[in-house]
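To start, the structure under review is shown below, and the notes come after it.
The values are calculated or read from the model by the stated rules, or taken from the named source; none is laboratory data. Given the structure is predicted, the values throughout are model-derived calculations rather than measurements. Here the Cβ is made from the backbone with ideal geometry for all residues, glycine too, and neighbour counts use every protein chain on show. Remember, those area values only see protein heavy atoms, side chains included, never the ligands or the DNA or RNA. Shrake-Rupley method; radii C 1.70, N 1.55, O 1.52, S 1.80 Å.
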Amino acid sequence: MQASVPIPAIVILISGRGSNMRSIIKAIQNDKLSVKVAAVISNRPDAAGLKFAQQENITTAVIDHTQFASRALFDQALAQEIDHYSPDLVILAGFMRILTSDFVHHFSGKLINIHPSLLPKFKGLNTHQRAIDAGEKEHGASVHFVTPELDDGPVVLQAYVPILKDDTANILAARVLEQEHKLYPNAIKQLLAPKTNNKP
Ligand code: GRF
């Protein structure tokens with residue numbers, strides 16, 4: 001008989017619509033991912049993704065960055081809230097805040113992000129337009145560990161999409177997002193495989 005292993009816990013950080021968060025929750029509900037979402041935390045009280053999480057009976061919290069005098073104080077409050085859930089992974093899913101290196105080091109090896117480009121190409125914003133302007137034939141998304149340098153940490157998994165002749169940034173973004181929604185649950189599964197009875 002296989003020994004039962006506790007289900008790993010994740011905390012998801014969002015700032016907006018939370019479609020990647022939804023794809024992770026859906027993967028759990030469809031038995032494609034064996035983890036527990038201990039909490040969804042937003043830095044914005046009006047993040048649309050919070051409502052969805054609440055409807056799914058997931059614990060939510062808001063740490064509003066506008067209420068803190070400095071980035072360091074906000075990050076300390078955020079880290080304290082996350083620590084409360086003792087997560088195995090902290091998942092940045094459209095979390096639009098630059099994090100201090102103290103925060104990043106505190107969650108070292110547990111903090112991952114999804115970025116809409118084939119890293120190390122196109123770090124930062126407007127990745128889809130920049131990929132089109134650069135004449136790239138291929139674009140995509142990357143799940144990577146977070147390090148103090150923006151969009152710079154080791155890549156866990158990538159998804160590729162072609163760039164087509166008449167693509168606009170919006171058309172390309174939609175094609176990439178569709179892949180992101182498969183990529184993130186797969187990357188989480190891969191990273192947590194040693195802690196579960198599941199194969200990656
Ligand atoms: C995604 O494109 C993700 O790659 C980037 O921010 C966007 C978040 O979208 N980091 P959503 O909030 O998950 O819908």
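For first residues located in segment 15-34 and more than 8 Å from the ligand (Cβ to nearest atom), partners that are of a type in the set (S, T, N, Q) and lie 6+ apart or on another chain with Cβ distances below 8 Å form the pairs ILE28/SER34; SER34/THR196; SER34/ASN197; SER34/ASN198. Of note, ILE12 satisfies the criterion of being within 16 Å of the ligand (Cβ to nearest atom), within 14 Å of the chain's Cα centre (by Cα), aliphatic (A, V, I, L, M) and surrounded by 13 or more Cβ atoms within 10 Å (Cβ to Cβ). For segment 49-98, which positions are charged (D, E, K, R) and part of a loop (DSSP other than H, G, I, E, B)? Within segment 49-98, GLU56, ASP64, ASP88, ARG97 meet the criteria. The set of residues in segment 133-183 that are β-branched (Val, Ile, Thr), more than 30 Å from LEU89 (Cβ to Cβ) and buried (at least 17 other Cβ atoms within 10 Å of the Cβ) contains only ILE163. Scan (1) within 18 Å of the chain's Cα centre (by Cα); (2) in contact (Cβ under 8 Å) with a residue 24 or more places away in the chain for the single condition ALA131 breaks and write down its number. In the conditions (1) within 18 Å of the chain's Cα centre (by Cα); (2) in contact (Cβ under 8 Å) with a residue 24 or more places away in the chain, ALA131 misses (1) alone. Within the option set LEU99, LEU78, LEU89, being within 15 Å of the ligand (Cβ to nearest atom) and in contact with a strand residue (DSSP E or B) (Cβ under 9 Å, 6 or more places away or on another chain) holds for one residue only, LEU99. For segment 38-56, which positions are within 14 Å of the ligand (Cβ to nearest atom) and open to solvent by less than 20 Å² (accessible area, probe 1.4 Å)? Passing the criteria: VAL40, ILE41, SER42, ASN43, ALA47, GLY49, LEU50, ALA53. Scanning segment 114-126 for residues being in contact (Cβ under 8 Å) with a residue 40 or more places away in the chain and within 21 Å of ILE12 (Cα to Cα) gives a total of 2.
If the condition is being aliphatic (A, V, I, L, M), assigned to a strand (DSSP E or B) and within 11 Å of the ligand (Cβ to nearest atom), then segment 113-156 contributes ILE114, ALA141, VAL143.
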